[in-house]
Amino acid sequence: MKQAYTLSIFSENSVGLLNRITSILTRRHLNIDSINSSESESSGIYRFTIVVKTTEAQVKKLVLQLEKQVEVMKAVYHTDSDTVFQEIALYKISTRSISEGNLVEKLIRDNNARILSVESDFMIIEKTGHKEETQELLDFLSPYGVLEFVRSGRVSVTKPMGELEGI
Amino acid sequence: MYLEATLTPPVKETMRTSGADAVLRSFIAEEVDLIFGYPGGAIMPVYDALYHYQEQVRHVLTRHEQGAIHAAQGYARVTGKVGVVLATSGPGATNLITGIADAMIDSTPLVCITGQVGSHLLGTDAFQEIDIISISMPATKWNYQVTKAEQLPEALSRAFYIARSGRSGPVLIDITKDAQFEMFDFAYRKCKQIRSYTPVPALNLKQVEDAADLINSAKKPLVVFGQGVILGNAENEFKQLIEKANLPAASTLLGLSALPSDHPLHVGMLGMHGNYAPNVLTNECDVLIAIGMRFDDRVTGDLNRYAKQAKVIHFDIDPAEINKNVQADIAVLGDCKESLQALIPLVYERSHQGWLKEFEALTGVEQTKVIEHDLRPTSGPISMGEVIHQVNLQTDGNAVLVTDVGQHQMVATRYTHFKQSKSNITSGGLGTMGFCLPAALGAKLGVPEREVIAVIGDGGFQMTIQELGTIFQTKAAVKIIILNNSFLGMVRQWQQLFFDKRYSSTEMENPDFVAIAKGYGIDGKSISERDDLKTAVMEMLSHNGSYLLEVHVGKEDNVFPMVPTGASVSEIRLE
């Protein structure tokens, strides 16, 4: 059965490694749901977080193929329930359309969102959460006219203690 | 450099030198004495440096970059050393890709050096610029672009280490032209270890014990072995193991020659055109012991009906091979020489007489129904099998066999007698037509004291026919046998069997191959009569220098046995 798996890949920081990683997915005709890369808690070691929808049998093979790459130190996979994860979304909305009534207060309170910037003609709202939550806010704001919307890749840390030691 | 590594102290003292000169000095530090390549604009500084090191590093100028890389593959496979290739940027680099992919899938250690446009021109669509790093990425074990001379020694020491360690494979280093000209302080330090890379997984003795228990309890064990035995230099350990427990052992295409063909426990070749007994009995064994092989689809046939009754033990150096195609009950990770050394004392002596008799019986069936007719036909055109049989008789199994891809490859590998390891050079995983002629050249230059016989079809021969020029120039005494059926024979066989004989674009009108060879200064002969075969092979083998023997064989002969695509290995057809 296919489901979302979060791949965490720990590697050296090399030109083109992202290419090498994505080609392993491309080769198996897998689409990337979300991707993120940043330096990990260990200086000089980078962490890719990639979400793919596939079967467990497939993801097990993927992890071995990823780990086989010379620059990759470790690759692991997790289901959503094994990780704590977040995404961040930014919404740009016309100030005029949203400033009527107590709409702004309601959306901030109900959605645990915050306002990053208010200009005379637009404002930027930020919300972090799971995809469904940021999507919910997008749906709520849509009738007022969303000028721009962007959602980040997933960042995720694992729940089990000690699992990633020794990388 | 970003790839954290442990290095040895410098081989020699630091000295001021150019990037191009450093490439040659690095080769010498890695004990490279023979390289293959083709010059061009972006690699000219390295070629200029080569001019000054001709005494230490011999360069073989092929007639095409694909020829250079296949020659390096042949050299690497026959010597066990790293093959080295030089090419220029753009088309020079892209012409290497087929060979790189071939080396990747067949685990051949190569270091390919490509020139690149000057670093200030990168990304500008400059003359002969191509992003070879991105193109070669999925087909290399590792690759790296060098834009500064100071990066060269560290990139090259890592390249050689990565290419030859663990599961070996091809590495590509792309060097911008300015980095080749740049002067810097050179010191070479060999690479010993890389932080992010574990070439050989640590051996787990518990896994070895579990494997031994299962082997000891087996009533009908079958060993299936691949090139891992050769790459791991484990031929002796392998032989000790099977002899101690009397285990029947079947080879993959690339595993051939790891065990002498006439060894009583060698029960033949696996796979689509392999032998009858090991294919059928794969589905009857109770323990399947896979050593240094990767369960390629040409070996397994339909996976859903492959050895389902058996417990599987898989020895491999590459963790990604475990459970990739066939689920292993016990996986023994590590270098197979070490794993087998640990395993042998734990394995009981057994005779497995009844089980071995089953192989004998089925081999007898194949002998009567297929082999006898293939090797000793009495009427009709010459068969591919009898040519190989004649070569066996006259070389006594001491030659290196280099083959291309197709019917002749299957016949030659099925029937050639191998006495020593590293004697079977062929394109297995990628199935690259055109591989044979340049690979045979590389093999001959690698082991000049051995007889090297290139067996090629008329189709594949014409894919890299230009390398006759290189054979001519190097005077490499390669013996070339063209098994000419005027067809792309394997495709034609499939068209006959599965496409109602619609021979779509497979018939070939061929030139006078002997005349072409003569044009290159290579003697040759063409025969089509059975009575001429023995003398013709004798003339070829006794000829001083390279020789081309063209044999006209049956146009529509088929290769059997055969496991049709999608069938189970036990459904192998004898006719």
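Every number in this text was worked out from the coordinates using simple rules, so none of it is lab data. All values reported here derive from a predicted model rather than from experimental measurement. Quick reminder, even Gly has a Cβ in these numbers, built from the backbone with ideal geometry, and neighbours come from all protein chains shown.
Overview of results
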item	result
Gaussian network model of chain A, Cα within-10 Å springs - most flexible of A:Lys127, A:Lys60, A:Lys106	A:Lys106
In region B:96-168, GluC sites (Glu not before Pro) in a DSSP loop with at most 16 other beta-carbon atoms within 10 Å	none
Region B:1-53: C-alpha gyration tensor shape, a/c 1.5 cut-off, then a/b vs b/c	prolate
Neighbour-count ranking [beta-carbon atoms within 10 angstrom, fewest first] of B:Val402, A:Val150, B:Val326, B:Val491	A:Val150, B:Val491, B:Val326, B:Val402
Amide H within-cut-off set for B:Ile175, under 5 Å, with H built and near neighbours excluded	B:Thr114, B:Gly115, B:Gln116, B:Val146
Amide N proximity, region A:37-67 versus A:Gln3 label position 7 Å along Cα-to-Cβ, cut-off under 17 Å	A:51-61
Cα-derived Rg over Rh, computed across region B:290-353 with Rh taken as Kirkwood radius	1.00
Per-residue average of Cβ from other chains inside 10 Å of A:60-71	5
Order of A:Lys74, B:Lys148 - criterion: other Cβ atoms within 10 Å of each residue's Cβ, fewest first	B:Lys148, A:Lys74
Computed P(r) (all Cα pairs; region B:194-317; 10 Å bins; percent)	13, 46, 33, 7, 1
Separation in nanometres of the label points that stand 7 Å from Cα toward Cβ, at B:Met15 and B:Glu575	7.1
Pairwise FRET efficiency - A:Arg109 versus B:Arg450, Cβ, R0 = 56 Å, nearest 0.05	0.10
For residues of B:545-556, the mean tally of beta carbons on other chains within 10 Å	0
Alpha-carbon Rg/Rh ratio, for the protein assembly as shown, with Rh computed the Kirkwood way	1.03
Among beta bridges that DSSP assigns inside chain B, antiparallel share in %, nearest 5	15
Estimated inter-spin distance, B:Ala202 and B:Glu243, nm [label 7 Å along Cα→Cβ]	3.4
Candidate lysines for bridging to B:Lys239, where Cα separation is under 19 Å - those fewer than 8 sequence places away on the same chain excluded	B:Lys220, B:Lys337, B:Lys419, B:Lys422
Trypsin sites (Lys or Arg not before Pro) lying in DSSP loop within region B:515-575, provided at most 14 other Cβ fall within 10 Å	B:Lys555
Beta bridges per DSSP with both ends in region B:5-194, % antiparallel, nearest 5	25
Region B:374-410 residues near the modelled B:Asp532 label - backbone nitrogen below 12 Å, point 7 Å along Cα→Cβ	B:382
Loop GluC sites (Glu not before Pro), region B:1-102 (other Cβ atoms within 10 Å of the site Cβ: 12 or fewer; DSSP)	B:Glu13, B:Glu31, B:Glu55
Region B:391-461 versus region B:501-516: alpha-carbon centroid distance in Å	22
Inter-part distance where region B:136-208 and region A:11-53 are each reduced to a Cα centre, Å	21
Within region B:205-359, percent of DSSP bridges classed antiparallel, to nearest 5	0
